[in-house]
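In what follows, a single structure is set out as structure tokens and then discussed.
The values are calculated or read from the model by the stated rules, or taken from the named source; none is laboratory data. The shown structure was predicted, so the numbers you read here are calculated from the model rather than taken from an experiment. Methodologically, a virtual Cβ is constructed for each residue, glycine included, from the backbone with ideal geometry; neighbour enumeration extends over all protein chains shown.
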Amino acid sequence: MNRFSATNTIYRQPCPDLVEIVEHDQLEDHDLVMRTLHRYFDSYDLESIDSVVLGCTHFVFYRDYFRELLPASTAIIDGNEGTARHLHDLLAAADELAAPDAEGSVTLENSDTSERMAALAAKRLNA
């Protein structure tokens, strides 16, 4: 944000209730999600916003909801993609990338180690 703030207007909008909706498995409650998004974003002139950055790991699950809320011309930028590209660059610089034909795996880590959270993570990530 610091890099772009000199030439762009940046609105910082924390959305903790969106995290709660995901973690309480309420993402399919369209009315709840849209009410929450409107509460956070109705004070902005959405027609004048050219990009929204999904700056939390939870927010990628709201892509379709943001598309519904925002004008078609607004770019929705997934911060997770940038993190993955940065990790790729770091691994490449350290010569730690796996071979292209290597089998991979995914390990899910969460500060909440309950079975409920593990099941929710698997559901959300189609694991």
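Yes/no matrix, rows are residues, columns are (1) loosely packed, with under 14 Cβ neighbours inside 10 Å; (2) under 21 Å from Gln26 (Cα atoms):
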{"position": "Ser43", "(1), (2)": "yes, no"}
{"position": "His58", "(1), (2)": "no, yes"}
{"position": "Asp64", "(1), (2)": "yes, yes"}
{"position": "Ala84", "(1), (2)": "yes, no"}
{"position": "Leu90", "(1), (2)": "yes, no"}
{"position": "Ala102", "(1), (2)": "yes, no"}
Seminar exercise, completed: Selection from segment 11-24 of residues within 16 Å of the chain's Cα centre (by Cα) and closer than 24 Å to Arg116 by Cα yields Cys15, Pro16, Asp17, Leu18, Val19, Glu20, Ile21, Val22, Glu23
Exercise. Among the residues of segment 24-37, is any assigned to a helix (DSSP H, G or I), over 15 Å from Glu68 (Cα atoms) and out of contact with any Cys (no Cβ under 8 Å at 6 or more places or on another chain)?
Worked result: no
For this session: Could you tell me whether segment 75-86 includes any residue that is part of a helix (DSSP H, G or I), at pLDDT 95 or above and either in contact with an Asp or Glu (Cβ under 9 Å, 6 or more places away or on another chain) or of a type outside the set (A, V, I, L, M, F, W, C) (or both)?
Result: no
Exercise. What is the residue count in segment 90-123 for residues that are polar (S, T, N, Q) and at pLDDT 85 or above?
Worked result: 3
